[in-house]
Amino acid sequence: MKLSIKDCVLVLVSSCSGEISGKTLLQKRLFFVGELLGLKGLGYAAHYYGPYSQLVASATNQLVSLGFLEEQTIGFGADDLGFEKRRVDYHLTDDGREVLAYLKRKNKKEVEAINEACQHLLSAGDLDYFALSHAAKAYFLLKEEGHPMTREEIRAKAESFHWKIAPDNLDRAIDFLIKLDLARHHSSVSKKQNHK
């Protein structure tokens, strides 16, 4: 693909109606878009909330610094330990729209591919960051193992990464992966499989 990681982030935000609510949601949506398109070099590795890329985080920060994305911090009070709870949202700016128009002219095919992958992702289920994180964790594990796994095997493997995935959350994640056609080649899981 001819687009840089910064370009991919910008196109992704544009494909999501020009805004994405939260860093985790941005990271996971680009992870799945990358998987759907077979993009290489996005730099995703295991992290606390599932696959995470420092390259994507740096590219996003650069887009904010350049004025192509606006960053807005939303506060939600404090948690039980007194730490502030907040979310960072991203919005496409007018300058960002100009860059996007240029990208569409120069790399029309690549931009359209990201747009289509994003729409496919959203049509499979417009998951919040929490549910999308579980789906990303499940897919990451399936891909890493490279062979079919049951839901219980996925949950057990998640423990080795210190990832906790409750059965209901895993069911929702697997259903999402099946809709995206990402579980078919990596997993023997099905909607009817029971868990304990």
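Please treat every number below as a calculation from the coordinates, not as lab data. Since this is a predicted model, take the numbers as computed values, not measurements. Glycine gets a Cβ as well: all are built from the backbone with ideal geometry, and neighbour counts include every protein chain shown.
Take the alpha carbon atoms of region 127-168, find their center, do the same for region 25-65, and report the distance between the two centers in whole angstrom. Cα centroid to Cα centroid, the span is 18 Å.
Hand me the chymotrypsin sites (Phe, Trp or Tyr not before Pro) from region 1-77 located in a DSSP loop with no more than 16 other Cβ atoms within 10 Å, in residue order please. Here the sparse-neighbourhood loop sites are TYR48. Only helices enter the 222 nm calculation for the chain: every DSSP H run of n ≥ 4 contributes -39,500 (n - 2.57), and dividing by all residues gives -17500 deg cm²/dmol, rounded to 500. Here is the list for region 129-189: chymotrypsin sites (Phe, Trp or Tyr not before Pro) lying in DSSP coil, each with at most 16 other C-beta atoms within 10 angstrom of its C-beta, are PHE161. Each 5 Å bin from zero up to the one holding the largest Cα-Cα distance in region 81-174 carries the following percent of pairs: 2, 11, 15, 15, 14, 14, 12, 9, 7, 1, 0.
The LYS104 and SER4 beta-carbon pair, evaluated with R₀ = 22 Å, returns a calculated FRET efficiency of approximately 0.90. Considering all different alpha carbon pairs of region 1-143, the Kirkwood hydrodynamic radius works out to 15.5 Å.
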